[in-house]
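A.B. asks: Once you've had a glance at the structure underneath, I'll fire off some questions.
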Amino acid sequence: MGMIDRILAALAGPGSSVIRETAEVFRENAEAASARDTALRAAALDQFAREFGRTGISRFDRLVDALNRLPRPAMAFGTLGLLGSAMTSPEWFAARMAGLALVPEPLWWLLGAVVSFYFGARHQTKGQAFQREIAASLARAAHQVPEPADPAIPEGNAALAEWRALRSGAA
């Protein structure tokens, strides 16, 4: 083993990582990739927790949110129920549809407007709230300057030196 160690030390130099660095040109360092993936997932989960972790909401607000979620499933299940009733009891279904045929056209327009405004207003409200949360997250992220990936970057880099000077002055 001593001879192999001496040959490799002569080739790569004592304590050198030339062979490792050369191999990493052709194949990614799996350990470093795993560490980067873990850090990325942790950062994503943290961001999601900050964006969607709503605190300080009253019970009344939660109740109203729950009630606002009912009309769409109720309409979907009601439509499926009507389809099922048409197959199981055509007479009952025909009587209900005959009643709907007697509804005047202006009332259908009014119903369409009410439903459209309800879902449109809800969509707009939720969309704007989501955009506010994103803007707040971006504002928080703008104040967090990331650490450099490799603090051992040579100091001959003028841009890096200027960035470090600005960063140390701001801190």
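The values are calculated or read from the model by the stated rules, or taken from the named source; none is laboratory data. Bear in mind the structure is a predicted one, so any value in this text is a computation, not a measurement. Here the Cβ positions follow ideal geometry from the backbone for every residue, glycine too, while neighbour counts run over all protein chains shown.
A.B. asks: Kindly indicate whether A49 is of a type in the set (G, A, S) and surrounded by 10 or more Cβ atoms within 10 Å (Cβ to Cβ). Reasoning before the result, please.
C.D. replies: Numbers: of a type in the set (G, A, S): yes; surrounded by 10 or more Cβ atoms within 10 Å (Cβ to Cβ): no.
Against the criterion (of a type in the set (G, A, S) and surrounded by 10 or more Cβ atoms within 10 Å (Cβ to Cβ)), A49 does not qualify.
A.B. asks: With the structure loaded, tell me whether G78 is small (G, A, S) and either exposed (fewer than 10 other Cβ atoms within 10 Å of the Cβ) or closer than 22 Å to L138 by Cα (or both) or whether it fails that test. Steps first, answer last, please.
C.D. replies: Details: small (G, A, S): yes; either exposed (fewer than 10 other Cβ atoms within 10 Å of the Cβ) or closer than 22 Å to L138 by Cα (or both): no.
Considered against the rule, which asks whether it is small (G, A, S) and either exposed (fewer than 10 other Cβ atoms within 10 Å of the Cβ) or closer than 22 Å to L138 by Cα (or both), G78 comes out as no.
A.B. asks: Which one of these does A9 not meet: (1) at pLDDT 80 or above; (2) surrounded by 11 or more Cβ atoms within 10 Å (Cβ to Cβ); (3) among the hydrophobic types (A, V, I, L, M, F, W, C)?
C.D. replies: Single failed check for A9: (1).
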